[in-house]
Each structure stands twice: as C-alpha cells, then as structure tokens.
Amino acid sequence: MMQPQEQSATSAPLDFFAGIGRRAFNFIGELGAVTIFFLHGLFLIFSLPFQFKKIVQHIYFIGVKSVLIISLIGLFTGMVLGLQGYYSLVKFGSEGLLGAAVALSLIRELGPVLAALMIIGRAGSSIAAEIGIMRISEQIDALDTMDINPVRYLISPRIAASIIVFPLLTAFFDVIGIVGGYLTGVVMLQINSGIFMNSIYSSVEWADVSEGFIKSFVFAAIVSTICCYEGYFTHMRPGGFGARGVSLATTSAVVISCVLVLIADYVLTSFLM
C-alpha cells in the first residue's frame, strides 16, 4: 500500500499535465467561441434591414476621430525612419535609397501594425468598455426582451465599420509617414528630392501595397471581434462583476488585441513574402 508521501509525489506530475490539458481545452473552446461570435456578427451585417446609419456612426467614431493620432504617430514614425535610415545607409554610400527604405518599411509592416495598435488604444478600449457597461446595466438583456438581436444591433455595425476604416487609416498612416521621411531626408539632411521620390517610385510595387491592405483587413477583424467579445461577455468573467468586470474586460481586450495583431503580422508576413 502506497504511503501518503509516495501518493503526493506521484500525483504532482499528473496534476501538472492535467492543468496543461485543461488550459489547452479552455483555449480551444475560447477560440471556437470567438470565431463563432465573429462569423455570426459578420453574417448579420448583410441581414435586412441594413444598418447604414449605425455603420456610419461607428465609421465616424473609429475612423474620423482617430485621424489626429494616426497623423501624429505616422509623421514622427516616418521622421524617425528617415533619420535612422539615413545614418545606416550613408555608411554604405546608399543614402539615395532612403525613400525606398522608408516607404517599404511603412507600407509593408509599420503602417498596418502601428495604425492597428493606435486604433486599439483609442477606439478598441472604448468599444469594450461601452458594451461591457451595457451588459452589466442589463441594456443588452433589455434588447433581448424587446426581440432585438443584440449581436446584430451592437456588434455587426462595429465589425463593418472596422473593416471599412482600417485600410483607409493604414493608407493615411503610410502617406503621412512618407511625408515625415521626406521632411527628414530632403529638408533636414539635404538629400535630392528627385532621388528620394524616384527611389520610392521604382521600388514600391502593387504587391507591397496589397500586402499592407490584406494585413489591415485581418487586423480589423481581430480588433473589432476581440473588443466586442470581451465587452459582450463581461458578466461571465471569473475575476469580478460590475465596474471591476468592465475594467478587466477592457484591459483584456486591449492586451489580447495587441498580441494577436503582432502574431497575425508575423504569420501573414511569412505567407505573403
């Protein structure tokens, strides 16, 4: 017969692997729930009657109100790229390629990623908090009582608006970033403007632009779904209910969205290169 010490020594590894198994199953279940939530919201975008007014409202909130922060971050990102790129390229006598280096860095990588991260911080957190407050104040339950589909009313317009807005803000970020690189390279460091612009024209191809747009569409789906999902199921969080639950849901939405954007960027870059 096994002694208590022997039983505890035997059960410790089993408990460890059992914990890993539970977390893996929970992760798979959560991933499936988020996927179903997104597909449900995406399908209801096209259900009648169309919600043009609400989609336009969310386009204004997510897109137009993010233009200022996108402009500032894009401008200074381009200026930093121009400054760092110049002092790296001048060592090899290739400072004429500064325009191409700035444009390709922005269009293929930094533009979609940084634009998505800025939108998460400004609009994504607000989306999660707003829907979370609606959940704990029973407004979502009231929609159910009135036979209004809360996913169609709350989630679908936000997903549609994000899919429209993210590529536009990404393109705007890229343009402002290139302007910032131009200011640094041409105005400050005295690179010939014709050489700077010609290197962009000769190096940037449609494949580079399309890669940035594909990433922005994927990031839009990720950010809108995660932020809406975390707010919508605030009441099911184990960490707390009420104001604490909303704060935890908002924090979780921002952190998970940022991490998934970076992971998706790596995966998409691997496939699109």
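In the chain, Cα pairs under 8 Å separated by at least six residues give a relative contact order of 30 percent. For the pair S210 and F25 in one chain, pulling the backbone fully straight at 0.36 nm per residue adds 63.0 nm over the alpha carbon distance.
The label-point distance for R237 and F52, in a model that sets each label 7 Å from Cα toward Cβ, rounds to 3.7 nm. For a paramagnetic label modelled on V187 (point 7 Å from Cα along Cα→Cβ), amide N atoms under 19 Å away belong, within segment 68-110, to 68-87, 98-100, 102-103. Summing Cβ point charges (Lys, Arg +1; Asp, Glu -1) relative to the Cα centre of segment 55-150 gives a dipole of roughly 560 debye.
A short reminder: the numbers here are calculations on the coordinates, not readings from a lab. This one's a predicted model, so the numbers in the text were calculated from it and none came from an experiment. Virtual Cβ from ideal backbone geometry, glycine too; neighbours counted across all protein chains shown.
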